[in-house]
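Below you'll find the structure, written out as C-alpha cells, and then a few comments.
The values are calculated or read from the model by the stated rules, or taken from the named source; none is laboratory data. Note that the coordinates shown come from a computational prediction; the quantities given were computed from them, not determined experimentally. Positions of Cβ are generated from backbone atoms using ideal geometry, with glycine treated the same way; all protein chains shown enter the neighbour counts. Accessible surface is based on the protein model in full, side chains and every heavy atom, while ligands, DNA and RNA are left aside. Shrake-Rupley method; radii C 1.70, N 1.55, O 1.52, S 1.80 Å.
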Amino acid sequence: MTCTLYSFRRCPYAMRARLALAAAQQQVELREVVLRDKPAAFLQASDSATVPCLVTPEGAIDESLDIMVWALRQNDPERWLDMPQAGWDWINRADGPFKQALDRTKYASRYPEEDSAEQRELAAEFLAQLNDQIEDWIFAEATLADYAILPFVRQFAFIDKPWFDSQPWPALQAWLQRFLISPRFAAIMHKYPQWHASDAPTIFPDAEGPAQPTR
C-alpha cells in the first residue's frame, strides 16, 4: 500500500472514488478531512484543496472520475470499464448540467439569481431520461456509469425524498434503493474520525470487510 486518499464521508465525489477503490480492491491509507479544518498535508497534496485527492507514487490525482479510472485500470474484476461510449455521455451530463441544477436546488440560498423550482425541473428532466435508460442498470451490467452517477442521484433524492419518491421514475428509484441498501454502499460509508498527522494509518477498504459486488 503506497497510496493515500484524502476523503470526506458525505461528499458524493469522494463516495464514487471510494466505490471504485473498493471494487478494484486497491487498499489505500484513508485520511478523513474536515472541510472547515483542512490539514496542511492535504493542502500540500491537493492543488485544488478539494476532496477526494489520491496521492500515488506518480503524483496526486485531484479529480474523482480520474481516481475511479486509475483504480479500475489497476484491477477491474467487475468490468466497470467495459462500458459503451454512451456511458461517458451519461457521466458528462450528470457531472455537468445535472450537477449544476442539483446545486442550485439544494443550495438555493447561494444562487439568489436562480429559480430553485426551475432548477429542480431541469434536474428532473435528466432523471426522467435516465429512468427510461435503466432496467436493472444503465446498461446490461453494472458499469462505471452507474457508480459514478449514483452518489449524485442520492444527493438529489434526499433534498426532498417524499417528492423524489412521488415521481414517475420506478426504474431509477429501484436502482437507487438497491444501492442504498447494498453492502457495497454500507462499506464505503463507515464513519472515520478526523485525520491528524499523528494518527495510525486507517486502511481502506478494510480487508476484513470488503464491499460486495452487486452485479
I'd like to check something: does the range 159-181 contain any residue that is within 27 Å of Lys38 (Cα to Cα) and of a type outside the set (Gly, Ala, Ser)? yes
For Ala124, state whether it is more than 15 Å from the chain's Cα centre (by Cα) and buried (at least 16 other Cβ atoms within 10 Å of the Cβ). yes
Note: among Phe204, Phe164, Phe185, just one is open to solvent by less than 20 Å² (accessible area, probe 1.4 Å), among the aromatic types (Phe, Trp, Tyr) and under 25 Å from Leu21 (Cα atoms), namely Phe204
Are any residues in the range 13-52 more than 18 Å from Leu150 (Cα to Cα), open to solvent by less than 10 Å² (accessible area, probe 1.4 Å) and in a helix (DSSP H, G or I), and if so, which ones? Phe42
Quick check on my filter: what residues within the range 61-78 are surrounded by fewer than 19 Cβ atoms within 10 Å (Cβ to Cβ), part of a helix (DSSP H, G or I) and among the polar types (S, T, N, Q)? Gln74
Filter result for the condition that a residue is under 27 Å from Arg18 (Cα atoms) and surrounded by fewer than 16 Cβ atoms within 10 Å (Cβ to Cβ), over Ala157, Ala174: Ala174
Do we find that Arg104 is open to solvent by 30 Å² or more (accessible area, probe 1.4 Å), out of contact with any strand residue (DSSP E or B) (no Cβ under 8 Å at 6 or more places or on another chain) and among the basic types (Lys, Arg) in this structure? yes
Pairs under 7 Å by beta carbon, first residue under 22 Å from Ile149 (Cβ atoms) in the range 98-120, partner open to solvent by 60 Å² or more (accessible area, probe 1.4 Å) and part of a helix (DSSP H, G or I), six or more apart or different chains? Ala101/Leu122; Thr105/Arg120
